[in-house]
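*Asks:* Below is a structure I'd like to ask you about.
No lab work stands behind these numbers, since they all come straight from the coordinates. Quick caveat: nothing in here was measured; it's all calculated off a predicted structure.
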Amino acid sequence: MKLREWAEKQGISYRTALRWFHAGTLPVEAEQIATGTIIVKLESIAADQNAALYARVSSSDQKTNLDSQIARLTHFAVENKLSIAAVITEVGSAINGKRPRLLKLLRDQSIKVIVAPASR
């Protein structure tokens, strides 16, 4: 699979994936072929471990934090050979406990693992 396709499936930007590749920190095995295309080796990712990434911020002015959370979660999931089936983000206070996307995710029987940032 091309690096661009892989990045899209992981919910990260192509530029981030390309930067990781050139820095040697891409969390999956990949190689650059003679044409310059970067190919991610799919056999290094376990398809039977469907995972969802879940990130939340408490207010809309923190939306930029969602991108960095998702990047860290993606890196963790791929390092642990999890197949990312969904990327779920929410913006809203934790005080009222209303997290409709998280509740829907918890009901999804196809998701075997939920990867979320540690609370502080």
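*Asks:* Given q = 0.09, 0.13, 0.19, 0.21 Å⁻¹, what are the Debye log10 I(q)/I(0) values for the chain, with equal point scatterers placed on the Cα positions and solvent ignored?
*Replies:* -0.27, -0.54, -1.02, -1.18
*Asks:* Relative contact order, percent, of region 1-45 when contacts are C-alpha pairs under 8 Å separated by at least 6 residues?
*Replies:* Computed over region 1-45, the figure is 40 percent.
*Asks:* Using a 10 angstrom cutoff on alpha carbons, build the Gaussian network for the chain and name the most mobile of Gln69, Gln109, Gln32.
*Replies:* For the chain, modelled as a Gaussian network with Cα springs under 10 Å, the answer is Gln109.
*Asks:* For the chain, what does the relative contact order come out to in percent, with C-alpha contacts under 8 Å and a separation of six or more?
*Replies:* Computed value for the chain: 28 percent relative contact order.
*Asks:* Assuming a ≥ b ≥ c are the square roots of the Cα gyration tensor eigenvalues, decide whether region 69-120 counts as rounded (a/c under 1.5), prolate (otherwise, with a/b larger than b/c) or oblate.
*Replies:* Cα axes put region 69-120 in the oblate bin.
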